[in-house]
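The values are calculated or read from the model by the stated rules, or taken from the named source; none is laboratory data. The shown structure was predicted, so the numbers you read here are calculated from the model rather than taken from an experiment. So basically every Cβ, Gly included, is an ideal-geometry build from the backbone, and we count neighbours across all protein chains shown. Quick note on the areas: whole protein, heavy atoms, side chains included, nothing else; ligands and nucleic acids left out. Shrake-Rupley method; radii C 1.70, N 1.55, O 1.52, S 1.80 Å.
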Amino acid sequence: MESIEPQSLKKLCLKSLKKSRDLFSTIHSQLAPLDPESKRIRMSHKISVEYEGIKVGSEIVPGQVNSAAVEASGSSTVLAISGPGDSRVSQKGGAQNALVVGPSLQPKTQNDAGVSGKSTSVITASGSSERNFLTSAIMERIPSKWPRPVWHPPWKNYRVISGHLGWVRSIAFDPSNTWFGTGSADRTIKIWDVGSGRLKLTLTGHIEQVRGLAISQRHTYMFSAGDDKQVKCWDLEQNKVVRSYHGHLSGVYCLALHPTIDLLLTGGRDSVCRVWDIRTKVQAFALSGHDNTVCSVFTRPTDPQVVTGSHDSTIKFWDLRYGKTMLTLTHHKKSVRAMALHPTEHCFASASADNIKKFSLPKGEFLHNMLRNIYFLTRLCIQKKLAVWDICQVLYSFVQNTVLGDNGSLWFWDWKSGHNFQQAQTIVQPGMFPTTFSDRFGSVRNGKEVYTDIYFAPGSLDSEAGIYALSYDLTGSRLVTCEADKTIKMWKEDEDATPETHPLNFKPPKDIRRF
């Protein structure tokens, strides 16, 4: 007995199909003609699915449609579109289909004499089936679901504070909202009075620029980090360093304090976020997993308790119990420069050179983009409803967002809708600090020739227009920016502004770009 070669089901079906064609098809070079009845059923089903919400009107020939359209009110519109054949309406000269969508027509008949309203009707006529069915032309226009922004008064600069001898790189407000501290490239930390803007104290101890500041709400401590790999704890009652945290292999770019536990988190160029016990100075965890600099970190009391952003364009959620990664977000295409947690909502924003994105917590679901193509973003900060964006840092205010940039621009956005309602530009303050070259001017005093060295600031002032850090005070009524011209500027809302003087020009986007 000969063995039967096993064959696949697909091969057997193809053989059966070939035999059937050989038996029943007379012309092998042509495909079998389409069944008219099946085509009619298929098109009828497609029309019923596409226009399920539109009522089918009475049978009206094109002549009646035109006369009825003329008698309709001025606001009525009639749209005629060609389409495939349908057996519901017949036309004697019928070479074309017509789909008419608009307010219900009111011809002078007894049946329609008392009918009025805004209902729509669809009238089809028989014709050629080869014409395309333009479904998009008769689709009902859906109103935009994009939230409308709330009107906000514009912000204006009302104070400029000078005192640092280098770029001002970081800022932090005291929980009592009476003073704030700034860290600078001149290696000092200065304490300023919020109300008057006067200098209260200068702290020295770092040997490189101070990149990060954080003030504890539970203790009288202030923490600082800089490019010298050092993380210091300052006792504000004694105004001196009481603890130092050693372990970073390179510059420290960011730091944050846990809201409920005595833990300090720092991130830097060694691509590691380190968790420190504030009291014992012991490193509890080294959260490693990023491939590049960790430049932003924030903490929250519930999982995920630690969120880090890195120059490797990823955002990681960390499990603080085990020191392991919970989730990695890869939505950004370029380095994540800054992140900010919303103070009341369960969401946060991240800033990158490609975009500013909003994510929900705790699952990290992507919500929508806030901003596209705004120069070079490095920082972020939030109020409750206002976000101000400057191309270096992002802030969140109670009603707005703020973003700053390396060209001195300050962008204010509505947090909910993402509407940019103001674009401000900082005014660079000229400096006369000794820089690269000098000139000697001679003069005669008391019969003696005296030479004086005059120092000039190099280059254009535009190169000093960057904004490196910014923060709102605890009330959200004042905004403080730290800039490259060695000054600190304070901003407030314009009291004289009204919706009439500064109208809200809002156009909702046509589409929501998700990525």
- Note on the structure: Between PHE366 and SER20, the FRET efficiency computed from the C-beta separation at R0 = 41 Å comes out, to the nearest 0.05, as 0.20
- Message: Can you tell me the length gained on complete extension of the stretch SER196 to GLU52, counting 0.36 nm per residue apart and subtracting the Cα distance?
- Response: 45.1 nm
- Using only the Cα atoms, work out Rg/Rh for the stretch 180-226, with Rh taken as the Kirkwood radius, to two decimals. 0.97
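Sequence gap at least 6, Cα distance under 8 Å: using those rules, report the relative contact order of the stretch 179-258 to the nearest whole percent.
Result for the stretch 179-258 is 22 percent.
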- Task: Could you tell me the accessible area of ILE427 in Å² (1.4 Å probe, neighbours in place), rounded to the nearest ten?
- Result: 120 Å²
- Measure of exposure for HIS331: accessible area at 1.4 Å probe, Å² rounded to 10, is 50 Å²
- Task: Can you sort ARG218, ARG159 by 1.4 Å-probe accessible area, starting with the largest?
- Result: ARG218, ARG159
- Query: What Rg and what Dmax come out for the stretch 145-300 when only alpha-carbon atoms are used, in angstroms?
  - Reply: 16.9, 56
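For the stretch 257-355, what is the convex hull volume of the alpha-carbon atoms per residue, in Å³?
Measuring per residue, one finds 88 Å³ for the Cα hull of the stretch 257-355.
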- Message: Taking 45 Å as R0, compute the FRET efficiency from the Cβ-Cβ separation of LEU327 and LYS492 and round it to 0.05.
- Response: 0.70
- Item | the stretch 284-375 - charge dipole about Cα centre, Lys and Arg +1 at Cβ, Asp and Glu -1, debye rounded to 20 | 120 debye
- How much solvent-accessible surface does GLU50 expose, in Å² to the nearest 10, with a 1.4 Å probe and all protein chains in place? 90 Å²
- Treating the Cα atoms of the stretch 149-188 as identical point scatterers in vacuum, please give the log10 of the normalised Debye intensity I(q)/I(0) at q = 0.16, 0.21, 0.28 Å⁻¹, two decimals. -0.62, -0.83, -0.99
- Message: If the only charges are +1 at each Lys and Arg Cβ and -1 at each Asp and Glu Cβ, what is the size of the charge dipole of the stretch 323-363 around the Cα centre, to the nearest 20 debye?
- Response: 140 debye
- What is the Cα centroid distance between the stretch 465-507 and the stretch 191-241, reported in whole angstrom? 24 Å
- Item | Per residue accessible area of the stretch 308-377, 1.4 Å probe, in Å² | 42 Å²
- Item | Solvent-accessible surface ranking, highest first, for LYS416, LYS316 at 1.4 angstrom | LYS416, LYS316
- Task: Please tell me which of these pairs span more than 23 angstrom C-alpha to C-alpha: LYS190/LYS358; LYS190/LYS489; LYS281/LYS358; LYS240/LYS281; LYS333/LYS492?
- Result: LYS190/LYS358; LYS281/LYS358; LYS333/LYS492
- Cα lying deepest toward the dipole's positive end in the stretch 273-375, options THR330, PHE359, LEU341, charges on Cβ: LEU341
- Message: Along the Cα→Cβ direction, 7 angstrom out, place labels at ALA284 and SER176. What is the inter-label distance in nm?
- Response: 2.8 nm
- Query: What does the convex hull of the Cα atoms come to per residue for the stretch 203-287, in Å³?
  - Reply: 79 Å³
